[in-house]
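Below is one structure, written out as structure tokens; comments come after it.
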Amino acid sequence: MKAGFGPLLGPLVVSSSVLSVPPDILDADLWRVLSKSVGKQRKHLAGRLLIADSKKAYTRSAGMGHLERTVLAAMKSLNTEPATLVS
């Protein structure tokens, strides 16, 4: 069993999301609707945000870049910023 990134990135957070979508896309595949902005695999992101489990987002060669970018974008959308980027 491997430990997750909680010790590196902070405490374990369990969450859920509720999205308000227009009635005409209620039955749509949101991955397809959001495909210009997000992706679920590191390959072929082309500037999009990676939305995936940290174990799939992180590699030693790529580092924490994908995780940091997605977290910072989410925080910015909530009009907040981390106190520091240095541990």
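Each value in this text was obtained by applying a stated rule to the coordinates, not by laboratory testing. None of these values were measured; they are calculated from a predicted model. Note that we place each Cβ from the backbone using ideal geometry, even for glycine, and neighbour counts take in every protein chain shown.
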Under 5 Å between amide hydrogens, which residues at least 5 positions from LEU49 or on another chain qualify, with H placed 1.01 Å from N in the peptide plane?
VAL38, GLY39
Quick one: 3J(HN,Hα) in Hz for the range 72-80, Karplus 6.51/-1.76/1.60 with θ = phi - 60°, rounded, Gly and Pro as x.
5, 5, 5, 5, 4, 5, 9, 6, 9
Kirkwood-based Rg/Rh on the Cα set of the range 22-77 evaluates to 1.03
If contacts are Cα pairs under 8 angstrom and at least 6 residues apart, what is the relative contact order of the range 22-77 in percent?
21
Rounded to the nearest 0.05, what FRET efficiency is calculated for GLU68 and VAL21 with R0 set to 22 Å and r the Cβ-Cβ distance?
0.20
Packing rank of 37-49, 62-74, 16-28, where each peptide gets the mean count of other beta carbons within 10 Å, highest leading:
62-74, 37-49, 16-28
Which residue, chosen from PRO23, GLY39, GLY65, occupies the Cα position most advanced towards the positive end of the dipole of the range 14-87, where the dipole is computed from +1 (Lys, Arg) and -1 (Asp, Glu) charges on Cβ about the Cα centre?
GLY65
